[in-house]
Structure formats: C-alpha cells, structure tokens
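Enquirer: Have a look at this one.
The values are calculated or read from the model by the stated rules, or taken from the named source; none is laboratory data. As the structure is a computational prediction, the values presented were derived from the model and not from experiment. So basically every Cβ, Gly included, is an ideal-geometry build from the backbone, and we count neighbours across all protein chains shown.
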Amino acid sequence: MTRKQRRLILIGSSLGVLAIAAALVLNSLSDSIVFFNSPTDIAEKHMAVGTRIRVGGLVKPGSVQRGENLNIRFEVTDGKSDVPVRYQGIVPDLFREGQGVVTEGKLEAGGIVADMVLAKHDERYMPREVVDALKKSGRWEEGAGQTSGGTPR
Amino acid sequence: MITELGHYALVLALALGLIQAVAPMIGAYTRDAALMRLANSTALMQFFFVAFAFVALTFCYVTSDFSVANVFENSHSMMPLIYKMSSVWGNHEGSMLLWVLILTVFGAMVAAFGANLPATLKAHVLAVQSWIACAFYLFILLTSNPFLRLSPVPFEGRDLNPILQDPGLAIHPPLLYLGYVGFSIAFSFAIAALIDGRIDAAWARWVRPWTLAAWTFLTLGIAMGSYWAYYTLGWGGFWFWDPVENASLMPWLAGTALLHSAVVMEKRNALKVWTILLAILTFSLSLIGTFLVRSGVLTSVHSFASDPTRGVFILIILVLFIGGSLSLFAWRAPLLKQGGLFAPISREGALVFNNLFLTTACLTVFVGTLYPLALEAFTGAKISVGAPFFNLTFGPLFVALMFVMPFGPLLAWKRGDIFGVAQRLMAAFGVGLVAVAATFAVKGGQALLAPFGIGLAFFVMAGSLVDLVERTALFRGPLATSRMRAAGLPRSVWGTAVAHFGIAVTLLGIVGAASWGTERILSLKPTQTVSLSGYELSFDGLAQRPGPNYQSQVATFTVRSGGVVVGVMEPSKRNFSSRSMTTNEAALLTRGVGQLYLSLGDAEPDGSLAIRVYYKPLVMLIWLGAVVMMLGGALSLSDRRLRVGAPKPAKKPATKPTLQPAE
C-alpha cells in the first residue's frame, strides 16, 4: 500500500466514525432534550398534553399538600401564573414553600406529573432557571438570592 | 499581617512569572544560556511564593481570622479542623489559588527534574508554563482575591456550605486539579515544540510521564467525585451527566487519547502532528472545564458564587490560549516532518482506532454539554440535555472501543495479524460467552442488554490478561520460569494490562448497579420493617445527636439477612443552624461488592419517616475499577521513570549491563 492509500483509509474511517457519531447525536438530541419553561410560558403557550418539560419558579406559599404514600402536590409560581405539580417520592432537603424549585415531568391536563424535583444546593443561591423565570415575570429583586452583606467583591 | 504577606507573595509570583514568560524565550532566540537558565530559578521561586500565599490563606482559615472576607464567607469557628483546612479550596477564590499552586508545582518539577531536556526546549516549556500562570495570577489578583480584608471585623463566619463539609472536599479537588493542571505540561511541551519547529520521538518520551501522571490523578479525582456525589446527594446515583461532571470527563477522554497517541510517536515516530494537536486540545478542555465551573455559567454545587466579571475574564483567558495555540498549530504544524508508515491492521492502527473513538466520544460529550449553552445564547430557548442523550451517543462509541481494546496490545507494530490475534483471544472470547450465558441463567432476561455488558467486561478482563499470560509463558512451563519472566517484563506492559483490566471492572460495576439495582421509597413507623433484595431492614427509632456545628437527627435501622443480623445502618439529617440548611447523610452497608443504601426523607405528619432504600449489586466495582486503572497508570509511570528523557547517547560503555526490555 502506498502512503496515499493508507492516508485515504485513515481519513475514510475517521469520517465514518464521525458520521456515525453525528447520526447518534442528532437522533438522540431530537428525542431526549427537554425544554425549560416558566409557569407563564405554560399558561400562554398551550403546549400539547404529554410533552416532557421542565418548569422552574418558586414553590407557592400555602400550596404544598402531602398525601398518602409520599404523594405531594404543590404549585410552582413565577408571580404571574401558577402551575400545579404532582409528585410521588421524596422531595429534596431544601424544598420549602417560597423557595426556588425546578421540576421535570409530563404535562397533563391538570398540571405537571413530575418525576424529578430539584431544589438548590445552597440556601444562598437560586437555580439560574428560576432567576430567569422570575426576571421575566418582573418579580425578581436584584440581589435577593445572591450573596448579601457588605463584602468587597 | 500574614494575610498581607500572602497577598504580596502572590504579586511577587506574578512579577517573577512575567520575567519567566519573556526572558527564556529571548534567551532561546539569542542562544543565551544564562537567560535560558534563569527560568529554572524563577520557576522554583514562583512555586515558593505561591506556596507561601497558600499557606498564609490556610493559616487565616485555621485561626478563623474573620477579618479576611474569604474566611468570613466560608468558615465558622466551630468547624472541625479538617474542614477549616479543606474549606481553603471550598470556595471560588481559594480553589483558584490551589489551581495556580498546582500549576507552579508542575513548573517547578520541570525545572528541577528536566536537567536532561535540550536547553531551548526547556526554556520554551517553562516560558509557556509561565504564560498560563501569569494569566491566572492576574485573574486571582484582579477578580478573585482571597486576601481582601473586612472592616468592621465580623464576630463569626458564615460557615462553609454544609454539603462541602465532608472528607470528600479534602481529597476530590486537589486530585482533580492535579489532573487538570498536569495536562498543562503536555500543552507547554506542544507549544514549545511548535515554536522550536522541531519534534521527534524523544519529545514524546518527555511528555508521556507528565501526561501519565496527570491522567492517573484525574482518574482518581473523577472517581472520588463520583463516589462523593453518590453518598452525599442521597439519590444513589454515581454519575449524573451533569455539565460539571462532563467538564472533568472531557479532559480525561482527550488525555487518554493523548496517552495512547504519544506511545505511537515514541515507539514509531508517527502521528506527530496529531499528538501535538491532542496535547493542545486536552489542556484546552481543562481550561474549558475551569471556565464552565468557575464562571458561573452553570449553576451547580461547584459554582460557589457567580460574578459576571470573572466569567468574562476566564473567557478571555480561554480565547487567548485556545485560539492562540490553535493558530500557532495551524501556522507551524505543516513544517513538522512526517512520521513513519504503518498498515491499518497494526498496533499503530489499533491506537489510531482508540484515538478516533475516544476523541469522537469526547466530541459527543462536548456537544451535549455546550449545545444547551449555545442554544440559549443564540435563541434564548432553554433546554436540558440529560442522561438519555449521553447513554445513546457516548454509550455505543465506548462499547465499540472496549470491544477492540484487548486486540490492541496483542497486535504487532507496523503490520499485525488480526486472525492470529483473534485466535489468541479465543480463551477470552470463551470467558465472555460463559459470562453472558451464566448471567442469563442466573438473572434471566429482566434487563436484556445487561448480560452482554457483563460478557463484554469479562472479555476485556480476560483479554487484558492474555498478553501477560503469553509473555510470562504461564501454563506452558514451570511456574518458576513464569515468575522470572514476569519480573523481567517491562512495567509498562503490566501497566497497560492492569489499566485495561480496571476499566472492565468499572464497566462491570456500572452494568450491575444500573441493571439489577432495586429501590424502594416508602414511609415507615418505628418497629416497622421493609425488605429489599433479601435484606430486611427494621426501623428501631429516631434520636437527636449533637455534632460540632450541627444537630443531627439519626434514624437507626437493623439489617437482617435470612434472620441473621448483618449490620446497623444509621442514616441521618444534619441541621446546620448557621446557614439554616439541612444535609442528608446516607447510610451505606457494603456487602461484598454490593451496597445497601439508605437515605432519609421528611418526617410525615403521622410520625412516620420517609426513606429511600436501594440495593446496588456490584456498585463498589465502579470505583474499585478506577483505583485499578490508577494502579495501572502508576505501574507504567514507574517504568517510565527509568527512561525519562531517554535518548542517552551510547558514548561511554555502561559500567553495568542494564537489562533493556524488548518492546
């Protein structure tokens, strides 16, 4: 084999692997990405029932109801609109009324049936998605979730 | 006082860094040996000053000096000493200081142990190393200074994020940074080679040990992080495909590829340009990882605080270094001489295959991690790319890579015999098939792909041993001969076999934990029991226990298997009043290589307690495999050490005939 042929084999197989990878990536991107929405988006957009979505906002104070078998219902709000969420399982330690939360699940007629509820890792910070949702609805106070207190930065 | 000295030491390090960034290059250009040698002393002094700054900050933490803003923000006088020390890097500013400390450690090591490097190469390497250091000194001094004072002095600190108050914090970041930053050496060597316009097999021999060391640390660092996330987040998952995890996985994948392509370059003088490119890409991915984690682009447990100016600063560093190095590559690489020839079926060919799949796998992770950021920046749409994406893209590529892995070390250089190798791997195939059949027989078809995963793992494990068995003539002659041959084998052969064995062990753990793990989420009252995978857990009761800086609520469970008590599990929740935050401490009970995992949820209104119980068979193998991989790396490294900077001219006859291993 000449140098040229060998190089062709190398380049050919590289392109082959890249093509397979690209096919895999495109195929799974169309299937497995989830769009993030604020409660207002959901109220306004009229999305199809059964769509998988992510919603972020605050847990509406007074909306948390715990039922049998670790069932929990609560509402996610961005101050403008609310979305009811149903979830079965254990919510994170920092899940509290009035605190930021991100849930992911299926959109049903009566709200979202979540299979994932995330709260923040640290009481000083807010999930960025929640901050953006609140900013969009105009309920964000600058500095509310950030580190406070007279420290030089 | 010590605080100001630390600050001052960092400024001095910057001054030295600026000298080291320029002087050796001028020296190399004008052939001035004295100027080139200057870099040795400045590299050592930079390390000294940064180490001083680091010790100064540690001192502030240990003495709880809350006049320092950084200490006030991240420490508390009641914290145990080990967390006071580790919280030095449990925050943005301190972790960047650790980053440059490790960078200067590597620089100083090149200066100290690189005596046999050609003078101009060494001068260039140290200069490039210093460019990186200067960029990060400036970053720290201008945007993330850990030595700023507060006035008035607060009475008590605001405490470290309770999630970080864990022994994991003491180990995980230093190991990870040793890996990340260690790749900077490969990068500096690549840039130096491009500036020099000269590159040969010797270059690969100098670069290999550094890359290998960095890879070894990174492997352990990632595994440590994974185990930490596993036991601390309370979900029983070991890998979440979180962007921050991906940020550490990408340099690992590229670094693994670099490790293998450097072998081809060292042994066969081929793939030179590609190896240089990989060295640049690997460190670029480390920088991108630093950017993702440190800029606040992502919100996660790793991003301590977000400040836009920092993000922009790191982005500038990123653009300068990645853009600059790739431009230099585009300009100079065509000047490098072409390497040797080889047939597609050969050891080189197998290593090219390895590189192809590793870099492609790295690319898919890159796309999955950055696509959401890019999409949001350009269209404003927010998406999340989760585990399914990575399982469907990264998974198949890695499976193909694993399948070919045992073939590589058995193929001959230049031209290999694939059928011969397949024949030699028959036994390994057999082991794999038996494993598939046995798994089907025991577990049935409940997880259809799992038996094949197990079979693949056993095939790779057996396959990685085939080379050793053949070379030591085990089973073919007396045991004593085999032992002698085993002792005579180069350590790098052992290293390869052990590291390949390790990744198969990890695969075994992943398949086991993902396919046959069982899970129950329920609420229990005291004296009630729950059973799972043959274990019975009875809830004995709840108790309050005070900790040094928290109150913990401990639940006690007695675990029985077949009526016999096998252990007591005490999951707890810790309440940190200083931050009004609760952390979940899962209880783990290791049974063989499987684990029972128990974490607490909230107490229900009727007095019962929500719990999550998992049984994860084989799960320990995931991290054990990583430790085995690390051992493989260390074994290889111990071989390399004998030959670092290898091409010693055979001028003077050796006084003692040394055994030169045939490879």
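Enquirer: Taking only region B:589-608 into account, find how many residues are closer than 18 Å to B:SER552 by Cα and among the charged types (D, E, K, R).
Expert: The total comes to 2.
Enquirer: Going through B:GLY632, B:GLY601, B:GLY645 one at a time, which residue ends up being at pLDDT 85 or above and touching a helix residue (DSSP H, G or I) at 6+ places or on another chain (Cβ under 8 Å)? Steps first, please.
Expert: Values: B:GLY601 fails: at pLDDT 85 or above; B:GLY645 fails: at pLDDT 85 or above.
Checking each option against the conditions leaves just B:GLY632.
Rundown of residues vs (1) acidic (Asp, Glu); (2) under 30 Å from B:GLY607 (Cβ atoms); (3) at pLDDT below 80, yes/no style:
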| position | (1), (2), (3) |
| --- | --- |
| A:VAL59 | no, yes, no |
| A:ARG66 | no, yes, no |
| A:ASN71 | no, yes, no |
| A:ILE90 | no, yes, no |
| A:VAL102 | no, no, no |
| A:GLU129 | yes, no, yes |
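Enquirer: Residue under question is B:LEU176, and the condition is that it be at pLDDT 90 or above and more than 27 Å from B:GLY94 (Cα to Cα); does it hold? Explain how you work it out, then say what you get.
Expert: Details: at pLDDT 90 or above: yes; more than 27 Å from B:GLY94 (Cα to Cα): no.
So B:LEU176 does not fit the description; no.
Enquirer: Is it true that A:ILE9 is within 28 Å of B:ALA343 (Cα to Cα), more than 7 Å from chain B (Cβ to nearest Cβ) and assigned to a helix (DSSP H, G or I)? Reasoning before the result, please.
Expert: Numbers: within 28 Å of B:ALA343 (Cα to Cα): yes; more than 7 Å from chain B (Cβ to nearest Cβ): no; assigned to a helix (DSSP H, G or I): yes.
Considered against the rule, which asks whether it is within 28 Å of B:ALA343 (Cα to Cα), more than 7 Å from chain B (Cβ to nearest Cβ) and assigned to a helix (DSSP H, G or I), A:ILE9 comes out as no.
One line per residue, one yes/no per condition, for (1) over 25 Å from B:VAL505 (Cβ atoms); (2) within 34 Å of the chain's Cα centre (by Cα); (3) more than 12 Å from chain A (Cβ to nearest Cβ); (4) among the basic types (Lys, Arg):
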residue: B:GLN553; (1), (2), (3), (4): yes, no, no, no
residue: B:THR556; (1), (2), (3), (4): yes, no, yes, no
residue: B:ARG560; (1), (2), (3), (4): yes, no, yes, yes
residue: B:ARG574; (1), (2), (3), (4): yes, yes, no, yes
residue: B:THR582; (1), (2), (3), (4): yes, yes, no, no
residue: B:LEU588; (1), (2), (3), (4): no, yes, yes, no
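Enquirer: Using beta carbons and a limit of 6 Å, which pairs, at least six apart or on different chains, have the first residue in region B:586-599 and in contact (Cβ under 8 Å) with a residue 40 or more places away in the chain and closer than 25 Å to A:ASP93 by Cβ and the second one assigned to a strand (DSSP E or B) and hydrophobic (A, V, I, L, M, F, W, C)?
Expert: Pairs found: B:LEU596/B:LEU589; B:TYR597/B:LEU588; B:LEU598/B:MET569; B:LEU598/B:ALA587; B:LEU598/B:VAL613.
Enquirer: Let me ask something additional. Exactly one condition in (1) in contact with a Pro (Cβ under 9 Å, 6 or more places away or on another chain); (2) modelled with pLDDT of 85 or more; (3) among the β-branched types (Val, Ile, Thr) is not met by B:VAL297; state its number.
Expert: Of everything listed in (1) in contact with a Pro (Cβ under 9 Å, 6 or more places away or on another chain); (2) modelled with pLDDT of 85 or more; (3) among the β-branched types (Val, Ile, Thr), B:VAL297 misses just condition (2).
Enquirer: Given B:ALA262, B:ALA247, B:ALA213, which one is aliphatic (A, V, I, L, M) and under 27 Å from B:GLY368 (Cα atoms)?
Expert: Values: B:ALA262 fails: under 27 Å from B:GLY368 (Cα atoms); B:ALA213 fails: under 27 Å from B:GLY368 (Cα atoms).
Going through B:ALA262, B:ALA247, B:ALA213 in turn, the sole match is B:ALA247.
Enquirer: Looking at (1) in contact with a Ser or Thr (Cβ under 8 Å, 6 or more places away or on another chain); (2) surrounded by 23 or more Cβ atoms within 10 Å (Cβ to Cβ), which one does B:MET25 not meet, given that it meets all the others?
Expert: (1)
Enquirer: Check whether at least one residue in region B:328-335 is without any contact (Cβ under 8 Å) to a residue 60 or more places away in the chain and in contact with a Lys or Arg (Cβ under 9 Å, 6 or more places away or on another chain), and report yes or no.
Expert: No, region B:328-335 contains no residue that is without any contact (Cβ under 8 Å) to a residue 60 or more places away in the chain and in contact with a Lys or Arg (Cβ under 9 Å, 6 or more places away or on another chain).
Enquirer: I would also like to ask the following. Report whether or not B:GLU156 is within 14 Å of chain A (Cβ to nearest Cβ), assigned to a helix (DSSP H, G or I) and at pLDDT below 95.
Expert: In short, no.
Enquirer: Just to be sure, is B:GLY432 part of a helix (DSSP H, G or I) and touching a Leu at 6+ places or on another chain (Cβ under 6 Å)?
Expert: The answer is no for B:GLY432.
Enquirer: To continue, here is another question. Looking at the structure I just gave you, is B:ILE316 in a helix (DSSP H, G or I), modelled with pLDDT of 80 or more, assigned by TED's automatic domain parsing to the domain that holds B:LEU373 and within 30 Å of B:ALA201 (Cα to Cα)? Please lay out each step first, then the result.
Expert: Working: in a helix (DSSP H, G or I): yes; modelled with pLDDT of 80 or more: yes; assigned by TED's automatic domain parsing to the domain that holds B:LEU373: yes; within 30 Å of B:ALA201 (Cα to Cα): no.
Considered against the rule, which asks whether it is in a helix (DSSP H, G or I), modelled with pLDDT of 80 or more, assigned by TED's automatic domain parsing to the domain that holds B:LEU373 and within 30 Å of B:ALA201 (Cα to Cα), B:ILE316 comes out as no.
Enquirer: Now for a separate question. Being more than 7 Å from chain B (Cβ to nearest Cβ), farther than 23 Å from B:LEU397 by Cβ and surrounded by 15 or more Cβ atoms within 10 Å (Cβ to Cβ) is the filter here, so list the residues in region A:12-47 that pass it.
Expert: A:ASN37, A:SER38, A:PRO39, A:THR40, A:ASP41, A:ILE42
Enquirer: Then there is this: Which of the helices (runs of 4 or more DSSP H) found entirely inside region B:4-106 contain at least 2 residues meeting this: touching a residue at least 24 places away in the same chain (Cβ under 8 Å) and of a type in the set (Gly, Ala, Ser)?
Expert: B:33-62
Enquirer: Counting just the residues of region B:590-611 that are away from chain A (no Cβ under 11 Å) and of a type in the set (Ser, Thr, Tyr), which one comes out surrounded by the most Cβ atoms within 10 Å (Cβ to Cβ)?
Expert: Filtering first and then ranking leaves B:TYR597.
Enquirer: Taking the stated definitions as given, is B:PRO372 more than 22 Å from the chain's Cα centre (by Cα) and either outside the structural domain of B:THR282 (by TED's automatic domain parsing) or of a type in the set (Gly, Ala, Ser) (or both)?
Expert: no
Enquirer: Restrict the check to region B:398-411 and report whether at least one residue is surrounded by 19 or more Cβ atoms within 10 Å (Cβ to Cβ), touching a residue at least 12 places away in the same chain (Cβ under 8 Å) and within 8 Å of another protein chain (Cβ to nearest Cβ).
Expert: No.
Enquirer: Also, I was wondering about something else. Search region A:53-68 for residues that are more than 11 Å from chain B (Cβ to nearest Cβ) and pair each with any residue that is crowded, with 23+ Cβ neighbours inside 10 Å and among the small types (Gly, Ala, Ser) when their beta-carbon atoms are under 7 Å apart and the residues are at least 6 apart or on different chains.
Expert: From region A:53-68, the pairs are A:GLY57/A:SER38; A:GLY57/A:ALA133; A:LEU58/A:GLY100.
Enquirer: Can you tell me which residue is farthest from the other protein chains (Cβ to nearest Cβ) among those in region B:334-354 that are surrounded by fewer than 17 Cβ atoms within 10 Å (Cβ to Cβ) and part of a helix (DSSP H, G or I)?
Expert: Ranking the candidates gives B:LEU335 first.
Enquirer: Among the acidic types (Asp, Glu), at the interface with chain B (Cβ under 9 Å from one of its Cβ atoms) and more than 30 Å from B:THR364 (Cβ to Cβ): which single residue out of A:ASP82, A:ASP93 fits that description?
Expert: A:ASP93
Enquirer: If I filter region B:373-389 down to residues being more than 8 Å from chain A (Cβ to nearest Cβ) and in a helix (DSSP H, G or I), which single residue comes out as farthest from B:SER248 (Cα to Cα)?
Expert: Filtering region B:373-389 for residues that are more than 8 Å from chain A (Cβ to nearest Cβ) and in a helix (DSSP H, G or I), the one farthest from B:SER248 (Cα to Cα) comes out as B:THR379.
Enquirer: Return the residue satisfying two criteria in turn: it lies in region B:242-261 and is among the aliphatic types (A, V, I, L, M) and more than 19 Å from B:GLY632 (Cβ to Cβ), and of such residues it is surrounded by the fewest Cβ atoms within 10 Å (Cβ to Cβ).
Expert: Applying the filter and picking the extreme gives B:VAL244.
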